Each structure stands twice: as structure tokens, then as C-alpha cells.
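Please read the structure below before turning to the comments.
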4 protein chains.
Amino acid sequence: MSKITLEQANQVLAETLNKAAEMGLNPLAVSVVDAAGQIVALQRQDGASDLLVKLSRAKAYSCTQFGISSRQLGEIKPSIPEILNSAQILADGNLVAAPGGVLIRDQDGAMIGAIGVSGDTSDNDEACAIAGVEAAGLKV
Amino acid sequence: MSKITLEQANQVLAETLNKAAEMGLNPLAVSVVDAAGQIVALQRQDGASDLLVKLSRAKAYSCTQFGISSRQLGEIKPSIPEILNSAQILADGNLVAAPGGVLIRDQDGAMIGAIGVSGDTSDNDEACAIAGVEAAGLKV
Amino acid sequence: MSKITLEQANQVLAETLNKAAEMGLNPLAVSVVDAAGQIVALQRQDGASDLLVKLSRAKAYSCTQFGISSRQLGEIKPSIPEILNSAQILADGNLVAAPGGVLIRDQDGAMIGAIGVSGDTSDNDEACAIAGVEAAGLKV
Amino acid sequence: MSKITLEQANQVLAETLNKAAEMGLNPLAVSVVDAAGQIVALQRQDGASDLLVKLSRAKAYSCTQFGISSRQLGEIKPSIPEILNSAQILADGNLVAAPGGVLIRDQDGAMIGAIGVSGDTSDNDEACAIAGVEAAGLKV
């Protein structure tokens, strides 16, 4: 299984924040994790709180553990409530079933990590996450 | 109390993964615990996440503590909500009230352990768990 | 970074237990983790306790986080006591600075995971771990 | 209280990793926190483990809570052993009384944050941390 490099993670992060600036979003926290869900890089913009960092990281982690976006996790939640209730505790609260986390795939479609964005509306968080991944030449 | 042997656990595990391959399921995590709920063997297939391991183990553990399958735990949940809320915390989140965990009984019907499967739909998880136990010459 | 497969992990595990039988060791717990320190497979032999499982897993985890064997971690401990004291807490107690955990490398020398063995003397634990890795065609 | 900006944190991080490359160090984890000890930015180099991230962050955190470098924390430890024993627990293991964490001060000498580096020897970790802060036009 291939794995995101720090260079790729930094590029995704930079592109995501560029997009956020262009969209005029609130201060954001952005986390990039590898395919195992372990942090590779994170940035907290001036004015963003510490809890946003935790949320951004949890969004990214959630994607890697279920192999889907955190928006999709929200969509399937009603069909597996018991699984997700237990998983939430087993993950120490690090599951977020709302938009803002997306998978990062390489050109062959293999999952190499995930990005989580938190600080604006969940839809806006997700929009810049997707834009960031794609601007870095990777896929969601 | 009789107790599942490592040899039996490995056989159940192998048969479960054989069945999963035959059914073409997603990458799975499978855990086998003894009658005390303690892990005997586990395997995580390539591409399955760490959280799936925890869920598979929790499914198996849940069976042993209540003496029923994790599907049945979901069925009785509405009748003992307060007990299960407390038990979930006491078990550190290791209760899963959804299909995928089944008891393992010997030929005399005595509970000797349990198996938990996680990674596909809960119904499919359970189907291969049951098939794995039976193919190993044991009962659910 | 390459990553150990379940097939490789199972082979290492089987070879390790073969060696243990040949050496006539006490009941063992054996854990194989990937390069990120996450569990891939584990087996607890009949008569081995649950805490041995935790120790075997912690030995394997320790190797991956420091990129050395758990024996070597014990050797460098006197030179970095403060780092290891903090790391022990940050790792929730999952560091073991004693023999029994060794890295698993592929033919090119890249770390793909680690194995931890617990149940006999630390030297014997380590001896079968090394024998198991090598018998599976991998390197420590 | 003035506070490090994300732009400054990123610059310190980049300069620290430049210095590490120049020195030929092992893969590092580097964390930058603000004066409150909360994470602003972190990067984990390819090949560095997750536990190194936690250690780097703990080194940076330690500096901000005592207003000294993590090396100095090690030096004063013998004089306040009971305080530090309690503090270690209260800080969930996030105190590291060994080199690798240094304060980040602005041109007026006001503490605006701290950086923690982990992955090579503690002395080397600290050397690049100091070089990184100074190359970014700030003071330790």
C-alpha cells in the first residue's frame, strides 16, 4: 500500500488554504493523515481554536478507517447506528460523521491518506478539502 | 468451563476468511476470543483498518459477556436500555449491538468462545462468521 | 513505504511458533504489527495469559516507533531516560525495553512491520521471534 | 500576550527541516505550539513514527508551561522532583525533560510559542530547533 509523503501532504495543505482564502472562509484547522490514520502534517490558521484542530484530525482519521469521506459516513450512519456508536468510543471520539474530511488517493486510485478541514460550514470545509487534493494532482 | 484452543481458533479464522473470499467481501478484521472474552487470535486483511480490528474484537467480546450473538444483543437492546448504556461504558465501548459476532460452542453446546467479524455489511460479516464456525466443526 | 501483508504476518507467526515448539518454550503470545505499529495478526497459545498478549503487542509496537529491536531499546534506555519516561506515558504503557520484539524487514531492508513474543524468558522470546522472521524469508 | 502566527510557525518549521537536511539527521517530527502550548503546525517526515510526533509536541508544550527549554527542564528537575512528578501526570505525559524543545520569542524577547523536535539524538534535535527559530528571524 502506498503512503502519502510529507511533500504531498504539505502541498495538499497549502492548496487547501489557498482555496479557503479565495473563498473567504473563517479561520481553519487542516490535518493530513496517512492511510493508517496517523498525522503527517497539520496547520491551524490564526484565530482558529484548538478544538478545531482536533475536529479536523478526527475528520481525516474517520475517512481512513471507513474508506469513505466523512460526508458519506454521515450518510450511512442511520443504517449502522450501533456500529458507529461503538466505534465512536473505540476511536476515543475521533469519528466525525459530517462533511469536511475526504480521502486522498494517488493517480491509480489507491488510498494514500486523508485530509480533514474544520472551521467554516461543513460544506465549505469539504469544498476546500476537495479543491486542495485536486490542485495537488491527487484524487478524492 | 471448556475453552477454545488456539488450534480451533485458527481453524475458525481460516474458514471464515475462506468464506469471505468466496463471497467476495471487503477486507475484513476477524477476532476470536475465549469464553472469558479474552483474545485468542486475530487477523486483519490487507486494506482493513485498525478500527475494524477493534470492532471485530468488540463484537466477539459482546457475545461472551451476554451469552448471545451480537445480533441478538441488538434485538434485546430496547428492553434493557439502561443496562446496556451502563455496560457500554463499563466495557470501554466494547459492546456492539449489531450483527457480526457469534458464539462458538463445542459439540455438546457448551460456549467455548466467540468470533467477531467487521469490514463488510453487518449481515455479511455475520454470514461468514457463522460459516467459519460451522466449517470448523463447531456450533454457533 | 512497503507494508507487511497478512500472508507474510501469518507465515512469520507460524514459523515463530514452530521454533518455540522445537525449543520447548512456555505458552506464548505472539503479535505482528505493520510499520505504523498497528496489529496485523496475533495468536495466544493455550495456557498463555491475556497480559502476555498485551506485552507481545507492546514489544512489537515499540520496535516500529523507534526503528530498533526492543532489546536495543533496553540498551539505549540509560542514555535517554527522560525521553522514554515520557514516551511510555504517551504510548499508554506500550513500550517494552526488553528482548522479544524485533523489526521485520523485506529483502531490500525496508521496515515493513515488527513481531513481539512474550511468555518465556526474554532471550528465548527473542530467539523465536528472530527465527520466525528469517524462516519466513524476511529479515530482522 | 503576543502569539506566533501560522506564517511564522511554518517558516520556523521549514527552516528547522532545512537545517536537519543539512546535518543529515534521521527522519524527524517537528511541532510548533503557541504560547498557550496549543499546536499551530506540525510535520512528520517520511519514515518518522507517530510516537515521535507525540514526543515533539510534548517537548514544545513543556517549554511553554515552564517558560524554559526542555533541556533546562531536565536541568532543574532534580530540584523540583515532586512538582514534576505531579505535573507529568497532570499533563498526561506531555512533559519531556530532555533537549529538543526551545521557546520561540519575538524580537522584543516576548515568548510567542515553542518548537519541539524529535527523531535524532536530543542534542541534534535541539540544534536544528534553535537553528530553525533563528533562521526565521526569531529568538530562543
C:VAL53 assigned to a strand (DSSP E or B) and either closer than 19 Å to C:PRO99 by Cβ or in contact with a strand residue (DSSP E or B) (Cβ under 9 Å, 6 or more places away or on another chain) (or both): no
State which residue is nearest to the chain's Cα centre (by Cα) when the search covers only the range D:103-133 and only residues that are without any contact (Cβ under 8 Å) to a residue 40 or more places away in the chain and farther than 22 Å from D:ASN26 by Cβ. D:ARG105
Give the residue, chosen from C:LEU42, C:LEU55, C:LEU6, C:LEU51, that is within 11 Å of the chain's Cα centre (by Cα), free of Cβ contacts under 8 Å to residues at least 40 places away in the same chain and more than 14 Å from chain D (Cβ to nearest Cβ). C:LEU42
If A:LEU95 passes every condition in (1) within 9 Å of another protein chain (Cβ to nearest Cβ); (2) out of contact with any Leu (no Cβ under 6 Å at 6 or more places or on another chain); (3) among the hydrophobic types (A, V, I, L, M, F, W, C); (4) in a strand (DSSP E or B) but one, which one does it miss? (4)
Filtering the range D:16-34 down to residues that are crowded, with 19+ Cβ neighbours inside 10 Å and in a loop (DSSP other than H, G, I, E, B), which residue is nearest to the other protein chains (Cβ to nearest Cβ)? D:LEU28
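If you go through the range D:19-39, how many residues are of a type outside the set (Gly, Ala, Ser), within 23 Å of A:VAL30 (Cα to Cα) and touching a residue at least 40 places away in the same chain (Cβ under 8 Å)? Working first, answer last.
In the first step, residues of the range D:19-39 are kept if they are of a type outside the set (Gly, Ala, Ser); the result is D:19, D:22-23, D:25-28, D:30, D:32-34, D:38-39.
This time we only want the ones that are within 23 Å of A:VAL30 (Cα to Cα), so: D:27-28, D:30, D:32-34, D:38-39.
Subsequent filtering for residues that are touching a residue at least 40 places away in the same chain (Cβ under 8 Å) retains D:27-28, D:30, D:32-34.
Result for the range D:19-39: 6.
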Within the range C:101-118, is there a residue that is assigned to a loop (DSSP other than H, G, I, E, B), among the acidic types (Asp, Glu) and out of contact with any Ser or Thr (no Cβ under 9 Å at 6 or more places or on another chain)? no
Quick check on B:LYS77: is it touching a strand residue (DSSP E or B) at 6+ places or on another chain (Cβ under 6 Å) and in a helix (DSSP H, G or I)? no
Residue hits (the range D:58-85; more than 9 Å from chain C (Cβ to nearest Cβ), within 27 Å of C:TYR61 (Cα to Cα) and buried (at least 22 other Cβ atoms within 10 Å of the Cβ)) are D:ALA60, D:TYR61
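Any read-out appearing in this document is the output of simple, stated calculations on the displayed coordinates, not a laboratory observation. Fair warning: this is a prediction, and the values are worked out from it, not measured in the lab. Methodologically, a virtual Cβ is constructed for each residue, glycine included, from the backbone with ideal geometry; neighbour enumeration extends over all protein chains shown.
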